[in-house]
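The values are calculated or read from the model by the stated rules, or taken from the named source; none is laboratory data. A quick note: this is a predicted structure, and the numbers were derived from the prediction, not measured. Cβ: placed from backbone, ideal geometry, glycine included. Neighbour counts: every protein chain shown. Areas reflect the complete protein model, heavy atoms only, side chains present, ligands, DNA and RNA absent. Shrake-Rupley method; radii C 1.70, N 1.55, O 1.52, S 1.80 Å.
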Amino acid sequence: MKHDHLKVFAGSSNPPLAAEICKFLKVPVAEASVKHFADGEIYIQIQENVRGADVFVIQSTCTPVDRNLMELLLMIDALKRASAERITAVLPYYGYARQDRKDKPRVPISARLVAAILETAGATRVLTLDLHAAQIQGFFDIPVDHLFAMPVMIEYFKSLDIPNLTVVSPDAGGVERARAFAKRLNSPLAIIDKRLEESNVAEVMNVVGEVTKHHCLLVDDLIDTAGTLVKGTEALLEKGAASVSACATHAVLSGPAVAKIEASDLKLVVLSNSIPLSEEAVKSSRIKSLSIAKLMADAIRSIHEETSVSGLFV
């Protein structure tokens, strides 16, 4: 690898993940100063020469979403103005991805707007993980490498060797994701049919598929308030499931999410470190975090060396 031309910068959203990625790449996290003025304005200064460099900026746009997004945009602009040859925005978690269509009158398509802003700031490529909807890639006019945490999750659940395992999609929209999991775990598939009455409030309606005396694994892309997850767990147990575990890539875990998980009958919740866990989540005995650092590092290496990224998919 041409280390002299590879530079990996990190915003302040997830420093431990950035450090771990750089460890796999055998490069240091590049020096940049990120400060905040008293009124909340962000000040960025790149403290290394990046002229002609292949630059990657790692930043999950998680809470505080807008500050982390603005940090990323300003860092990209600073790098562009410092004559970096190529700037890849690495978003382990792409915020605003759930607002990917006009589902009501007079609402924005926020995921599309974020894509446009990233391009305008100067990103020449995007590397991201488990987008809420794969078609968000089409919102960009620059190359997008869309990775999946599935290989990391599959490896972990295979090691547990759970008998009589059934993979469950928490809603109709997640069937494709759950089916891919079920296929790789050689397990049957079940679906929870739910009606979403309003944002962040889920009402479980029915379970499609056989779950009686089965150990169920709910598979989703993210866990936000954990409302869907807890109600899905209740529905499966009512149908006679032996136990319910869950896995999701992004640990959004807003508000009382961790408390809800702790109070529920969930056996285990497995998440990735695309978003850093809160102190409360770290203390929870039911929440386990798996690292996606090697996966992201391998993708960065492939992009830098101009080799295929497709080998990173299961």
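Before moving on, here are some points about what is shown:
- Taking the criterion of being in a loop (DSSP other than H, G, I, E, B) and either open to solvent by less than 10 Å² (accessible area, probe 1.4 Å) or farther than 20 Å from Ala251 by Cα (or both), the residues of the stretch 144-169 that qualify are Ala149, Asp161, Ile162, Pro163, Asn164.
- Total residues in the stretch 241-269, condition part of a loop (DSSP other than H, G, I, E, B) and charged (D, E, K, R): 2
- Residue within the stretch 57-70 that is assigned to a helix (DSSP H, G or I), at pLDDT 95 or above and either of a type in the set (Lys, Arg) or touching a Lys or Arg at 6+ places or on another chain (Cβ under 7 Å) (or both) present: yes
- Any hit, the stretch 127-143, residues being open to solvent by 60 Å² or more (accessible area, probe 1.4 Å) and under 12 Å from Thr88 (Cβ atoms): yes
- Yes/no for Lys194 being farther than 27 Å from Asn68 by Cβ, open to solvent by 10 Å² or more (accessible area, probe 1.4 Å) and touching a Pro at 6+ places or on another chain (Cβ under 8 Å): yes
- Evaluation of Arg101 against the conditions (1) at pLDDT 95 or above; (2) assigned to a loop (DSSP other than H, G, I, E, B) shows that the sole unmet condition is (1).
- Residue match in the stretch 239-248 (condition: within 30 Å of Val126 (Cβ to Cβ), without any contact (Cβ under 8 Å) to a residue 40 or more places away in the chain and not basic (Lys, Arg)): yes
- All of (1) open to solvent by 60 Å² or more (accessible area, probe 1.4 Å); (2) in contact with a strand residue (DSSP E or B) (Cβ under 6 Å, 6 or more places away or on another chain); (3) not in a strand (DSSP E or B) hold for Met75 with one exception: (1).
- Applying a threshold of 7 Å to beta carbon distances and a minimum spacing of six or more residues, or different chains, the list of pairs starting in the stretch 252-269 at a residue that is touching a residue at least 24 places away in the same chain (Cβ under 8 Å) and ending at one that is open to solvent by 50 Å² or more (accessible area, probe 1.4 Å) and outside any loop (DSSP other than H, G, I, E, B) reads Val258/Glu280; Asp265/Leu237.
- As a summary of the residue check, Thr63 satisfies the conditions (1) of a type in the set (S, T, N, Q); (2) over 18 Å from Pro16 (Cα atoms); (3) open to solvent by 10 Å² or more (accessible area, probe 1.4 Å) except for the one numbered (2).
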